[in-house]
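Novice: Before anything else, here's the structure in question.
Every number here is computed from the coordinates shown, using simple stated rules; none is lab data. All values reported here derive from a predicted model rather than from experimental measurement. Ideal geometry is used to build each Cβ from the backbone, glycine not excepted, and the neighbour counts take in all protein chains shown.
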Amino acid sequence: MRGSLIWNSQRYSSLIILCYLVYIASFIISQDEINFFSWSNFFLSFEVRFLTSFIFIMIVVHAYIGLWTVGTDYLTSRTLGFLNKSIAKRAKLMRNTYFFTFGFLGIVYLSSILYIIWL
Amino acid sequence: MFGNKLQVNLYRYNPEEDKFPYMKKYVIEKPKRDIMILDLLHLLKEEDQSISYRRSCREGVCGSDGMNINGKNGLACITPISSVVKRNKIELRPLPGLPVIRDLVVDMTEFYAQYEKIKPFLQNETTAPEQERLQSPEERDKLDGLYECILCACCSTSCPSFWWNPDKFVGPAALLQAYRFLADSRDLKTEERLEALSDPFSVYRCHGIMNCVNVCPKGLNPNKAIGEIKSMLHKNKKDIIVTDGV
């Protein structure tokens, strides 16, 4: 994997998420009154659905990179060896389980979000 | 609490005798004038000959006596007692993250391996001029704040990323030196140097927490150098692909 690709993905995804939050905030501020209809009309438009879907993909990418960094820092034979040597021998298994678990949760989370948005 | 006494808590570990490291308390007369931590260690060594630590130049040039002084890495020879003492107590530990050989002496193999990895020498295969390769004053200025590093390891051993991945993350000290050669107009291996640093660990494990800047006894800024390397890597499209292999 490219170091700069991972680094850029995390930084740019955070900026894109920030822009989305500003966009949502500007919508809320610009409305005289927020009610169910104005809120659902806004979020049911194709553009906002598409944008929201994209943002949640960014959230999952951003979160997974962060979790990958945590996993490769703390779930190594060296770091776990500080706790217990027998645990350290299973570092690779623990790390892969950790990556798989959070990867799976990310997919489930994203699928659920896309289901809610589009169906 | 101690009046004219000074309590020194010293990390002790002799692998031939001790099963585990321990902290030993020494109480000595408070020196009448402000002395350096290294002088304090000399005083303690007069009392207890078994205390081990590295020292050489005793003036902040050789980088031998890097240690953790009251929780902050620094050079014992240029750290006055008055600047670190808290309630008449001083705690001395070895540099964190590196294997302890004995007392305050650490095994620097991993640190030097990273230094070796960045090829800390000028690489220029063009025919050498009769006298020397010249630089303009502007080109030379770029090396200020980089070449002064004495490799004391205070920065790298205060960096959590280096603690967790000392075999993969190059660390602030070696990265400062990597940039020293990247910024050198006489060095012609910029592409190769950047390629060697473009994996997810070598440079990108730096999260910019700036512990390195906080502890550097020479007042250098490895974090800025790492930022410059990242900028160069972003401009350089020749990133290499590496596998996880943790």
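Novice: Quick check on my link table: of B:K24/B:K224; B:K168/B:K218; B:K117/B:K224; B:K72/B:K142, which ones sit more than 31 Å apart, alpha carbon to alpha carbon?
Specialist: Going by Cα-Cα distance, B:K24/B:K224 fall outside the 31 Å limit.
Novice: What angle do you read, to the nearest 10 degrees and between 0 and 90, between the alpha-carbon axis of helix A:3-30 and the longest principal axis of chain A?
Specialist: Its long axis makes an angle of about 30 degrees.
Novice: I'd like the GluC sites (Glu not before Pro) in region B:123-169 restricted to DSSP loop residues with at most 16 other Cβ atoms within 10 Å, sorted by number.
Specialist: Answer in residue order: B:E125, B:E130, B:E132, B:E148.
Novice: Between B:S185 and B:K224, with labels modelled 7 Å along Cα→Cβ, what's the label distance in nm to one decimal, could you check?
Specialist: If labels sit at B:S185 and B:K224, their model points lie 2.0 nm apart.
Novice: Could you please report the charge total around B:S64, scoring K, R as +1 and D, E as -1 over all other residues with beta-carbon less than 13 angstrom from its beta-carbon?
Specialist: Cβ neighbours under 13 Å give a net charge of +1.
Novice: As a check on your grasp of the helix formula, calculate [θ] at 222 nm for chain B: sum -39500 (n - 2.57) over DSSP H runs of n ≥ 4, divide by the residue count, round to the nearest 500.
Specialist: -7500 deg cm²/dmol
Novice: Now for a different question. Roughly how tilted is helix B:222-235, in degrees to the nearest 10 and between 0 and 90, from the longest Cα axis of chain B?
Specialist: Roughly 20 degrees between the two axes.
Novice: Based on DSSP loop calls and a cut-off of at most 16 other Cβ atoms within 10 Å, the longest stretch of chain A free of exposed trypsin sites (Lys or Arg not before Pro) is what? Walk me through the intermediate numbers first.
Specialist: Details: sites that count: A:K89, A:R90.
The reported range is A:1-88.
Novice: Counting only DSSP beta bridges with both residues in chain B, what percent are antiparallel, rounded to the nearest 5?
Specialist: If we restrict to bridges inside chain B, about 80 percent are antiparallel.
Novice: Here's a follow-up. Exceeding 24 Å between C-alpha atoms, which entries from my cross-link table qualify? They are A:K85/B:K19; B:K19/B:K45; B:K19/B:K86.
Specialist: B:K19/B:K86
Novice: Step through the residues of region B:169-181 one at a time and calculate ³J(HN,Hα) from phi using the Karplus curve (6.51 cos²θ - 1.76 cosθ + 1.60, θ = phi - 60°), rounding each to whole Hz and writing x for Gly and Pro.
Specialist: Once rounded to whole Hz, the list reads 7, 5, x, x, 5, 5, 5, 4, 6, 4, 5, 4, 8.
Novice: Please return the longest range in chain B lying between exposed loop sites, taking trypsin sites (Lys or Arg not before Pro), DSSP loop only, at most 13 other beta-carbon atoms within 10 Å, and leaving the sites out.
Specialist: Formally, the longest exposed-site-free interval is B:134-236.
Novice: Listing B:C159, B:C206, B:C62, B:C57 from the residue with the fewest other Cβ atoms within 10 Å to the one with the most, what is the order?
Specialist: Lowest count first: B:C57, B:C62, B:C206, B:C159.
Novice: If you take every residue apart from B:L134 with its C-beta less than 10 Å away from the C-beta of B:L134, what net charge results, scoring Lys and Arg +1 and Asp and Glu -1?
Specialist: Spelling it out: positives minus negatives among the neighbours equals +1.
Novice: Another question, then. Compute the label zone of B:T126 within region B:189-224: residues whose backbone N is under 12 Å from the point 7 Å along Cα-to-Cβ.
Specialist: B:189
Novice: Here's something else I'd like to know. With springs connecting C-alpha atoms under 10 Å apart, model chain A as a Gaussian network and identify which of A:I57, A:I87, A:I107 has the largest mean-square fluctuation.
Specialist: Result for chain A, Cα springs under 10 Å: A:I87 fluctuates most.
Novice: Let me ask you something else. So how tilted is helix B:37-47 from the main axis of chain B? Cα-based, degrees 0 to 90, rounded to 10.
Specialist: 40
Novice: Using a Gaussian network model of chain B with C-alpha springs under 10 Å, which one of B:F181, B:F121, B:F20 is most mobile by mean-square fluctuation?
Specialist: Highest fluctuation of the listed residues: B:F20.
Novice: Calculate, in nm to one decimal, what B:K25 and B:Y112 gain on full extension: separation in residues at 0.36 nm each, minus their alpha carbon distance.
Specialist: So the chain would gain 28.1 nm between B:K25 and B:Y112.
Novice: For B:E148, what is the net charge nearby, where nearby means another residue's Cβ is under 12 Å from its Cβ and Lys, Arg count +1, Asp, Glu -1?
Specialist: +1
Novice: In the Gaussian network model of chain B, springs joining C-alpha atoms below 10 Å, which of B:V213, B:V170, B:V84 carries the largest mean-square fluctuation?
Specialist: Of the options given, B:V84 has the highest mean-square fluctuation.
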